[in-house]
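The values are calculated or read from the model by the stated rules, or taken from the named source; none is laboratory data. As the structure is a computational prediction, the values presented were derived from the model and not from experiment. Counting neighbours? That spans all protein chains shown, and the Cβs are built from the backbone with ideal geometry, glycine included. Just the protein is used for accessible areas: all its heavy atoms, side chains included, with ligands, DNA and RNA removed. Shrake-Rupley method; radii C 1.70, N 1.55, O 1.52, S 1.80 Å.
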Amino acid sequence: IAKEVAKLLEMKAQLGGDEGKHKFVLKTPKGTRDYSPKQMAIRERVFNAIITCFKRHGAEVIDTPVFELKETLTGKYGEDSKLIYDLKDQGGELLSLRYDLTVPFARYLAMNKITNIKRYHIAKVYRRDNPAMTRGRYREFYQCDFDIAGQFDPMIPDAECLKIVHEILSDLQLGDFLIKVNDRRILDGVFAVCGVPDSKFRTICSSVDKLDKMPWEEVRSEMVGEKGLSPEAADRIGEYVQLHGGLELIEQLLQDPKLSQNKLAKEGLGDMKLLFEYLTLFGITGKVSFDLSLARGLDYYTGVIFEAVLLQQEKDHVEESVSVGSVAGGGRYDGLVGMFDPKGRKVPCVGVSIGIERIFSILEQRVEASEEKIRTTETQVLVASAQKKLLEERLKLIAELWDAGIKAEVLYKKNPKLLNQLQYCEETGIPLVAIVGEQELKDGVVKLRDVATREEVSVRRESLVEEIRMRTSR
């Protein structure tokens, strides 16, 4: 044995000692993050507000796999396709992580031959972006989508999608916001009458989409320099895409000698007028602007497109408000389901996606600034004891409370000091303490203490559950 051990020790020495041990890099992958209990508490609040709104509008919920066949996603996102995360070949299938929830939804409809559904879907999506995490841009992030699929009279579901955005942004109290609306057909009409060749529509569209981030001069030079558009066409586009307004602008464009000759633009403007009439009935036109620069880069939009931006009042001159980024977007995509259907059957769809990550980073900063104390548990009562040797009684009582659906905790110590138990409640925000002691056990009561006011009352054991419910529902 000694000989064998010596041999093994020699081999170990040759391999080198512990210096060769691999040191772990402790970090999350690029473009991702962990969420602490405090951050999750804020996040759950936001999710609850959004889900409540989706349910109020009668939506069902679905889920789809986190990865799809690569071919399902290819060719649906225009210039953004380069951001799709491809996976290694797994047993003969080429897979990619989903890029959004809309394409999987269209695949789901075509596969199950569904022609009519109103659904929401909240899940993580993946983009191989160079993330700017400070601005709420990640490689892995949540999307909250609401979509209406089916053949309906024009603009009624579209108006409801805008109403939902308005409800959610008002409810979350993020400050002033504006919902910009446009229509792909109006844009395409503008491009046509300005002399953009058909083959350049999509690529010029993605240039126009940058107008919220860069001045017209830069967008124009991208169109002319990089994308080979004639300077005259670019200037003609400039006259249109810098316009924004409401019903009056729609009326004005319907009279426009060039645009009114274009079938697509005319259809789009007609629908836009109808949309604004419905938005007036919903009472939300004050926050909606018809904006011809809105293009939204995704290839699958066919009609109305919209985007909600938060506005920040400039300090110096209050009337000027600047956009601090998009917090929701969506539109109509009538052709997407047909791309998947073997017979090309179309299912018209319109939907909205809420930009949860950006909303979340705004609320997180706000909580940091206000130093508001956030509870990370929902515990209603701590079961405590004032004397030693009462662990069994504490466990019996907490089991009764759990079985009655009360959220309760106990300290994992045989004989904890009462002061430590009360301090635990202060730290975690537990509002009540149920104290068992020898005398209370004899009398068949429990002492219920209000942590904030320090008042104590004796409650009969059989009425304890009722008393806790009553006090915590207030």
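Within the range 66-94, the residues that satisfy the criterion of being aliphatic (A, V, I, L, M) and crowded, with 19+ Cβ neighbours inside 10 Å are 73, 84. For first residues located in the range 18-39 and open to solvent by 100 Å² or more (accessible area, probe 1.4 Å), partners that are of a type in the set (Lys, Arg) and modelled with pLDDT of 90 or more and lie 6+ apart or on another chain with Cβ distances below 9 Å form the pairs 30/139.
As a summary of the residue check, residue 123 satisfies the conditions (1) outside any loop (DSSP other than H, G, I, E, B); (2) in contact (Cβ under 8 Å) with a residue 40 or more places away in the chain; (3) open to solvent by 50 Å² or more (accessible area, probe 1.4 Å) except for the one numbered (3). Each residue in the range 335-347 was checked for being touching a Gly at 6+ places or on another chain (Cβ under 9 Å) and open to solvent by 20 Å² or more (accessible area, probe 1.4 Å), and 4 pass. Considering only the range 54-65, state which residues are free of Cβ contacts under 8 Å to residues at least 60 places away in the same chain and within 24 Å of residue 94 (Cβ to Cβ). Across the range 54-65, the qualifying residues are 64, 65. Residue under question is residue 80, and the condition is that it be under 15 Å from residue 128 (Cα atoms) and not in a helix (DSSP H, G or I); does it hold? In short, no. Among the conditions (1) open to solvent by 100 Å² or more (accessible area, probe 1.4 Å); (2) in a loop (DSSP other than H, G, I, E, B), residue 58 misses just one, which is (1).
If you scan the range 241-262, which residues turn out to be small (Gly, Ala, Ser) and surrounded by fewer than 16 Cβ atoms within 10 Å (Cβ to Cβ)? Steps first, please.
Quick first cut of the range 241-262, residues small (Gly, Ala, Ser) only: 245-246, 260.
Those that are small (Gly, Ala, Ser) and surrounded by fewer than 16 Cβ atoms within 10 Å (Cβ to Cβ): 245, 260.
Only one entry in 233, 265 is open to solvent by less than 10 Å² (accessible area, probe 1.4 Å), small (Gly, Ala, Ser) and over 14 Å from residue 292 (Cα atoms), namely 233.
Given the structure, is residue 105 touching a Leu at 6+ places or on another chain (Cβ under 9 Å), hydrophobic (A, V, I, L, M, F, W, C) and within 27 Å of residue 129 (Cα to Cα)? The answer is yes for residue 105.
Given the structure, is residue 408 over 22 Å from residue 45 (Cβ atoms) and within 33 Å of the chain's Cα centre (by Cα)? It is true that residue 408 is over 22 Å from residue 45 (Cβ atoms) and within 33 Å of the chain's Cα centre (by Cα).
Just one of the listed residues (368, 372, 409) is over 30 Å from residue 143 (Cα atoms) and of a type in the set (D, E, K, R), and it is 409. The residues of the range 455-474 that are under 20 Å from residue 426 (Cβ atoms) and either at pLDDT below 95 or under 38 Å from the mean Cα position of the chain (by Cα) (or both), listed by number, are 468, 471, 472, 474. Within the bounds of the range 174-184, is there any residue that is more than 30 Å from residue 50 (Cα to Cα) and among the β-branched types (Val, Ile, Thr)? No. Here the range 203-231 is the region considered, the condition is being part of a helix (DSSP H, G or I), over 23 Å from residue 325 (Cα atoms) and not β-branched (Val, Ile, Thr), and the residue that is farthest from the chain's Cα centre (by Cα) is 231.
Only residues that are in contact with a Ser or Thr (Cβ under 9 Å, 6 or more places away or on another chain), of a type outside the set (D, E, K, R) and not in a strand (DSSP E or B) were counted in the range 144-195, giving 3.
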